[in-house]
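First the structure, in the form of structure tokens, and then the observations on it.
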Amino acid sequence: MEDVLIFKTNVECESDVKRASALLKSTNQITRWNFDLCDCDKILRVVSSGLRPQVIENLLKAEGIYCENLTYEL
């Protein structure tokens, strides 16, 4: 089963997206992702299979990219 994880980030421009994308590609459990840079929270959506949000937060934060998991309920 795939999960959709949503994060608030400080990604501002295409070069930030490329830097984050290189990190996200290195994680096998991530199926796909996208950034919404038009959103005031610079949203990152990640589709993964069984990946804890903290893994993505730590991965991006280690490279100087702010990343905060946003919880939601359906």
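For region 46-64, which residues satisfy the criterion of being of a type in the set (Gly, Ala, Ser) and surrounded by 11 or more Cβ atoms within 10 Å (Cβ to Cβ)?
Ser48, Ser49
Can you confirm whether Leu23 is more than 11 Å from Phe7 (Cβ to Cβ) and surrounded by 15 or more Cβ atoms within 10 Å (Cβ to Cβ)?
Spelling it out, Leu23 is indeed more than 11 Å from Phe7 (Cβ to Cβ) and surrounded by 15 or more Cβ atoms within 10 Å (Cβ to Cβ).
State all residues of region 9-18 that are within 18 Å of Glu68 (Cβ to Cβ) and surrounded by fewer than 16 Cβ atoms within 10 Å (Cβ to Cβ); if no residue qualifies, say none.
Asn10, Glu12
Would you mind stating whether Leu5 is within 10 Å of the chain's Cα centre (by Cα), aliphatic (A, V, I, L, M) and surrounded by 15 or more Cβ atoms within 10 Å (Cβ to Cβ)?
It is true that Leu5 is within 10 Å of the chain's Cα centre (by Cα), aliphatic (A, V, I, L, M) and surrounded by 15 or more Cβ atoms within 10 Å (Cβ to Cβ).
Every number here is computed from the coordinates shown, using simple stated rules; none is lab data. Note that this is a predicted model, so its numbers are computed, not measured. Every residue, glycine among them, receives a Cβ derived from its backbone with ideal geometry; neighbour counts consider all protein chains shown.
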